[in-house]
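Here's the structure we're looking at; comments come further down.
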Amino acid sequence: MASETFQNKLLSVQSNLLSFAYTLTSNREDAYDLLQDTTLKALDNEDKYVENVNFKGWVFTIMRNLFINKYRRNVRSAVIIDSSDDLYILNVSQDSGFETPEGALSAKEISDMIAGFSEELRVPFSMYLAGYKYAEIAERMVLPLGTVKSRIFMARKRLQRTLGGYR
């Protein structure tokens, strides 16, 4: 494609590209940056465009790929930079671990609670926690599968009620 024809096609889709960039970024400045990056990338890769391919789709694909690549790059490099004078952000105490009952209680305390369950609830629940599948538990305990699922469910609910006060 002649360079001038290519540039005219690219100019004709600029408003559509800007609208698409705005929907991707939800920010006017970022949308303009994405539009500029897309235009430059399209111009740099003019020789890779094949005449019988949908031009608008080709350019929109470039924009979408640029946006995705930038997003992934930002996620990977998400680092907290503390620019405060006294390093306040870095010195703020982090998660205390007491957001969940597991953080407030030791594993032994939770195990002791489970040990306090009746045998019909404790055994299948302990096996489930150990990694056995429902069918394996049912086979070993010689119980119907539905009974095993019910007992594990009841044990889980009882444990949730017991730990509910620690939240």
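For this structure, a couple of remarks:
- Exposure ranking of Glu119, Glu136 by accessible area [1.4 Å probe, largest first]: Glu119, Glu136
- Thr23 accessible area, 1.4 Å probe, all protein chains in place, Å² to nearest 10: 100 Å²
- Potential lengthening of the chain between Ile110 and Arg140 amounts to 8.3 nm, from the contour at 0.36 nm per residue minus the alpha-carbon distance.
- The range 114-167: translational diffusion in µm²/s, Stokes-Einstein, Kirkwood Rh over Cα pairs, 4 °C, 1.567 mPa s: 115 µm²/s
- The lysines within cross-link reach of Lys157, meaning a Cα-to-Cα straight distance under 24 Å and a gap of 8 or more places when in the same chain, are Lys108, Lys133, Lys149.
- Taking 0.36 nm per residue of separation and subtracting the Cα-Cα distance, full extension of the segment from Glu4 to Glu119 would add 33.2 nm.
- Segment Leu129-Ser77, extension gain: residue separation times 0.36 nm, minus the distance between their alpha carbons: 15.1 nm
- Across the protein chains, with a 1.4 Å probe defining accessible surface, the residues Val148, Val142 rank Val142, Val148 from largest area downward.
The values are calculated or read from the model by the stated rules, or taken from the named source; none is laboratory data. Just so we're clear, the structure is a prediction, and the values are computed from it rather than from any experiment. Just so you know, the surface numbers come from the protein's heavy atoms only, side chains and all, with ligands and any DNA or RNA stripped out. Shrake-Rupley method; radii C 1.70, N 1.55, O 1.52, S 1.80 Å.
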